[in-house]
Each structure stands twice: as structure tokens, then as C-alpha cells.
Amino acid sequence: MLRWGILGTAEIAKKNWKAIWNTKNGRVAAVASRDIERSYRFIEECQAEAGFETTPKALGSYEELLGSKDIDAVYIPLPTAIRKAWVERAAEAGKHVVCEKPCAVSLADLGAMLESCRRNQVQFMDGVMFMHSSRLERLREVLDDGQTIGAVRRITSAFTFKAPEEFFISNIRARSELEPHGCLGDLGWYCIRFALWTQGWNLPRRVAGRALSQFQHPDSKLPVPTEFSAELIFDGGVTSAFYCSFLSEIEQWVNISGTRGSLKIPDFVLPFSGSELAFETANPVYTIFGCDFKMEPFSRRWTLKEHSHGHSSSQETNLFRHFVDRVLAGTLNPAWPEMAFKTQLVMEACLESSRAHGQEREISSKGCDYPSLKL
């Protein structure tokens, strides 16, 4: 049983409290906030819905939580701008780390964070939940069978939500001093991650990014992207494009185009409610008969029995369960920090390109100097 501490009382931490509760191999032992009353309120609300046998401790500082001998691992949903300091302090205190995304302000910062975790022999993983869905395993089988899709040629994705007006005033994702990557870090991170996963973690050789719109908070010195698009160009002629936005209504789809067919996932980040996850493949056939023609769809729906959320089989529960299993086994998984590093690398290159008015940026393997970057 792994003992978890939560740094901060962000809304997403409530979802992950329940995920930890559902794992049955971990428990929340403490929650820390700079205001101890917020810790008490957070614990009371979460215990009412997903109560642990022993009520977690409410703490009034992050330092107190990291100094506790009753904590084995921490979940850090703090703003991106301050994550580096707390990930490094957690590692130095011997605590394993699940960190929200985007992981850091810069690739250099993330490299330092991961080096601290490696040096102190603690596990690091970012909070990308879809990576822990059984749907991804089935997708890989279909992509690799050589028949259903054939060779992958194109990956396109979109992840958007239409933020209300108050979002741009009160939400930290609209504040460059707290979340400098805006929609690219909040939403584009998932699109980049999926493209890298599809490509077996091979990096694109060139990227081009463009901030289609930006917002500057009255109290912030710099704007953040609120709409962003990018093109990733891989070796072998494979390309990927994505669009992310705080201004368009909810979308979260991926299309994969291949030499024999195509694959579509309409809910790749947050599965639609229910106990069945799905994706679709299509292998249409176009036939000409003299002056007539026929287009036949030949599509297939692939389904898996897995609850979308709030259940012992959901992807957020799997994330924490997989993490705990690895830590308790005593063998760290080097792939998890490397996935985060590569995602940050591509995201940063897209952002640099956008600042250069869409001029392409080369990505060299020399930029991947994280000590154990071998997926």
C-alpha cells in the first residue's frame, strides 16, 4: 500500500483522489495547502465521496508534507511555473512523483527535474491518463497488424474547449506567469503525446507551429496562446497536424490515415461516459461499373469493456495503479520520464516556431540529452 501526499488543492486533484481510492493499492495520507483550512475542506469533500479508512492529514505547507515519513509518493498539480522547485524537493526527500502537465516551463527545467529524480532513485511520471487505457494496447495491435491501416502516413488531432469569459480572468491557464504555454501546454500536450506514441517515440525532424490567437491578462506581462496549430514532419514521409484551442467548442479526436485504411477515435483524451471504449476503422472500396460507380464503407467499430471514469478499470485509476505497482516492485520505469521529456521537447519546438512566425524548427537527436533517453 503506497502512501500518497497531494501538494495543492486544485480541482483536478479531486478526480485523482478518487483514482487513488479506486486503485486499492494506494491511499491518500496527507493533503497540503498554503492555507490549512483549504486542506481541511478539500479532505472533507473528497472523504464524503471516496473515503479512506484513515482520514488523511491536513497540512498547512508543502514543506511539511515532503518532510513527513508517512508519505511515499506525491501528486503535484501545482502551476507549471513552480513545479520545478517542488518536484526537485520531492525527489530530494525521497518521494516518488506524479506531475501534472505540461511538466515544466522549459526543456532545461524538465531536464533538471528528471535528473534530480534519477539521482535520488525516485519514479517520475506525468499525468497523461489516456496512456494507461487498455484501448491504447488494442490500438497498437491494430496499427501493427499491417493490414487494417497499413503503413501510417498521417496523424491529425484536435483537443479544444470553449472557455467561458470568466476563465480568462480567474483561471491560471490564462496567466503567463503561471501557465506560460496556454492552450498548447494544457491541450496540445496530449496531441503531441499521441503522435509520438503512434510513431513509436521517434521524434519529428521538423516542426512548424503557429499561435492563431492569444490572450494577455491585465496583470500578466506576456500573452498566452489561446488557439494553436502545428505540423510535425517525421522521417519516412509521415506527418502529423494538431489544433488546440480555448475558443472552440469541445473536440478531442484523432484520425490516423494509412496506406490501406484509416482509424478514428472521437474521444482520445477523456472517454465518453459509459462502460465501453471504442474506436473505428474504415477500409472503403470504390468501384466503377461503366457509367456507374459504387462507394462501399467497410467500416468496423472496435469495442473494449472499460469504464470511462470514476471506476477501478478507468484510465485515471490505471495510471495510479501502474505507478504504484512499479514503485512497490522496486524497479523504476525509465520510459515514463523519457515520454515526458520528448513531449516537452516537441512542444517547445512548436512554440519557438510560432514565435518565429511559423518558420520551421529542426529537431536534432542531440537535443535529447536526458541521461537515459532510450525508449
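The values are calculated or read from the model by the stated rules, or taken from the named source; none is laboratory data. Note that the structure is a prediction, hence the values are computed from the model and not measured. Virtual Cβ from ideal backbone geometry, glycine too; neighbours counted across all protein chains shown. Accessible surface is based on the protein model in full, side chains and every heavy atom, while ligands, DNA and RNA are left aside. Shrake-Rupley method; radii C 1.70, N 1.55, O 1.52, S 1.80 Å.
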> Between Lys294 and Ala48, what is the spin-label point distance in nm, taking each point 7 Å from the Cα along the Cα→C-beta axis?
Replying inline: 6.2
>> Tell me the per residue accessible area of segment 1-144 using a 1.4 Å probe; a whole number in Å² is fine.
In response: 40
> Once the Cα atoms of segment 116-238 are picked out, what are the Rg and Dmax in Å?
Replying inline: 17.7, 54
> Glu249 to Ser364: extension gain in nm, 0.36 nm per residue of separation minus the Cα-Cα distance?
Replying inline: 37.9 nm
> Which angle from 0 to 90°, rounded to the nearest 10, does the C-alpha axis of helix 134-144 make with the longest principal axis of the chain?
Replying inline: 30
>> Quick check: residue separation of Asp219 and Ile12 times 0.36 nm, minus the Cα distance between them. What number comes out in nm?
In response: 72.1 nm
>> As I understand it, the value is the acute angle between the Cα axis of helix 335-355 and the longest principal axis of the Cα atoms of the chain; what does it come to in degrees, rounded to 10?
In response: 70
> Under a plain spin-label model, where a point goes 7 Å from the Cα along Cα-to-Cβ, how far apart in nm are Glu276 and Glu64?
Replying inline: 5.0
> For the charge dipole of the chain, defined by +1 on Lys and Arg C-beta atoms and -1 on Asp and Glu C-beta atoms about the Cα centroid, which residue among Ala151, Gly274, Ala163 has the Cα displaced farthest towards the positive pole?
Replying inline: Ala151
> Roughly how many Å is it from the Cα centre of segment 162-199 to that of segment 284-361, as a whole number?
Replying inline: 17
> Which angle from 0 to 90°, rounded to the nearest 10, does the C-alpha axis of helix 315-329 make with the longest principal axis of the chain?
Replying inline: 60
>> What does DSSP give for the chain in terms of the percent of beta bridges that are antiparallel, rounded to the nearest 5?
In response: 65
> What's the local net charge at Ser245, with K and R +1, D and E -1, over the other residues with C-beta under 13 Å away?
Replying inline: -1
> For segment 1-127, what is the charge dipole size about the Cα centre, in debye to the nearest 20, if Lys and Arg each add +1 at the Cβ and Asp and Glu each add -1 at the Cβ?
Replying inline: 220
> When the scattering of segment 222-375 is computed by the Debye formula from its Cα atoms alone, each counted once and equally, what is log10 I(q)/I(0) at q = 0.21 Å⁻¹?
Replying inline: -1.34
>> Suppose only helical runs count, i.e. DSSP H with n ≥ 4. What mean residue ellipticity at 222 nm does that imply for the chain under -39500 (n - 2.57) per run, divided by all residues and rounded to the nearest 500 deg cm²/dmol?
In response: -10000 deg cm²/dmol
> What is the spread of the Cα atoms of segment 6-83 along each of their three principal axes, largest first, in whole Å?
Replying inline: 30, 26, 22
> How many nm is it between the label spots at Arg210 and Lys264, if each spot is 7 Å from the Cα in line with the beta carbon?
Replying inline: 2.5
> When the accessible area of the chain is computed with all protein chains present and a 1.4 Å probe, what percentage of it is carbon and sulfur?
Replying inline: 50
> Given H placed 1.01 Å from N in the peptide plane, which residues other than close sequence neighbours of Asp267 have an amide H under 5 Å from its amide H?
Replying inline: Val254
> Mind checking which lysines have their C-alpha under 17 Å from Lys18, skipping anything on the same chain fewer than 8 residues away?
Replying inline: Lys57
>> Output wanted: per-residue J couplings in Hz (rounded whole) for segment 184-189, from phi through Karplus 6.51 cos²θ - 1.76 cosθ + 1.60, θ = phi - 60°, x for Gly and Pro.
In response: 5, x, 6, 10, x, 3
>> How large is the direction-averaged shadow of the alpha-carbon convex hull of the chain, in nm²?
In response: 20.5
